[in-house]
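Here the structure comes first, spelled out in structure tokens, and everything after it is commentary.
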Amino acid sequence: MKQNILPAIRLTAVCLVFFTGFYTLIIYGIAQFSPNRGKGEILTFNNKKYYPNVGQAFTEDQYFWSRPSVVDYNAAGAGGSNKGPKNPDYLKTVQQRINNFIQHNPDIKKSEIPSDLVTASGSGLDPNISVQAANVQAKRIAKIRHINKNQIAKLITSNTEKPFLGIFGTEKINVLKLNIALDGLK
């Protein structure tokens with residue numbers, strides 16, 4: 001037994017030192033060579049700083065709406081609701097989101113609403129929506145802003161991010177970047 005415990009304690013001590021010290025310094029050093037020195041992407045618009053890698057709350061009719069957040073877009077407390085798809089509270093919340101969306105987009109049928117506009121992501125901080133979620137909101141935004149719907153469609157297309165290497169993931173749109181570009185249209 002002694003011959004097993006001492007090597008295990010030594011291995012634990014070595015791993016503790018390596019992963020809390022050296023590994024952390026290595027990752028920190030690599031981050032210093034990345035854009036923004038590992039602090040993430042920062043956008044400045046109208047003299048305010050925004051972080052496009054974290055979901056933002058957009059609920060006004062003149063903007064593209066974000067994906068709902070269970071944590072109220074608070075990056076300090078990321079997490080999902082942990083409620084299953086048959087949970088009555090969860091179903092009630094989703095139905096309220098559907099009703100709210102239809103109220104603000106009366107030309108849209110319930111079947112046309114993409115799931116990412118009425119369900120929160122696992123982290124509650126997803127900054128992206130699907131292309132379908134952007135397209136379903138285009139008519140409302142064009143009407144409110146008195147902009148041609150084709151201009152909105154071009155804006156959606158120009159802000160669509162393709163899958164990584166063309167095969168990993170799906171097309172997506174960062175809502176913050178899209179809304180900043182939308183505000184840039186005059």
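Descriptive notes on the structure:
- Any pair with Cβ under 9 angstrom, 6 or more apart, that starts in the range 98-116 at a residue that is touching a residue at least 12 places away in the same chain (Cβ under 8 Å) and of a type in the set (Val, Ile, Thr) and ends at one that is in a loop (DSSP other than H, G, I, E, B) and surrounded by 13 or more Cβ atoms within 10 Å (Cβ to Cβ): 98/113; 98/118; 113/105
- Among the residues of the range 130-150, at least one is assigned to a loop (DSSP other than H, G, I, E, B) and under 15 Å from the mean Cα position of the chain (by Cα).
- Residue list for the range 27-62, filter: modelled with pLDDT under 80, on the phi > 0 side of the Ramachandran plot and over 18 Å from the mean Cα position of the chain (by Cα): 36, 37, 38
- Test: residue in the range 73-81 that is at pLDDT 90 or above and assigned to a loop (DSSP other than H, G, I, E, B): no
- Listed conditions (1) surrounded by 13 or more Cβ atoms within 10 Å (Cβ to Cβ); (2) of a type in the set (Gly, Ala, Ser); (3) assigned to a helix (DSSP H, G or I) are all met by residue 66, apart from (3).
- Residue match in the range 80-91 (condition: surrounded by 13 or more Cβ atoms within 10 Å (Cβ to Cβ), farther than 22 Å from residue 174 by Cα and within 19 Å of the chain's Cα centre (by Cα)): yes
The values are calculated or read from the model by the stated rules, or taken from the named source; none is laboratory data. If you're wondering where the values come from, they're calculated on a predicted model, not measured in any experiment. Heads up, the Cβs are rebuilt from the backbone with ideal geometry, glycines too, and the neighbour counts pull from every protein chain shown.
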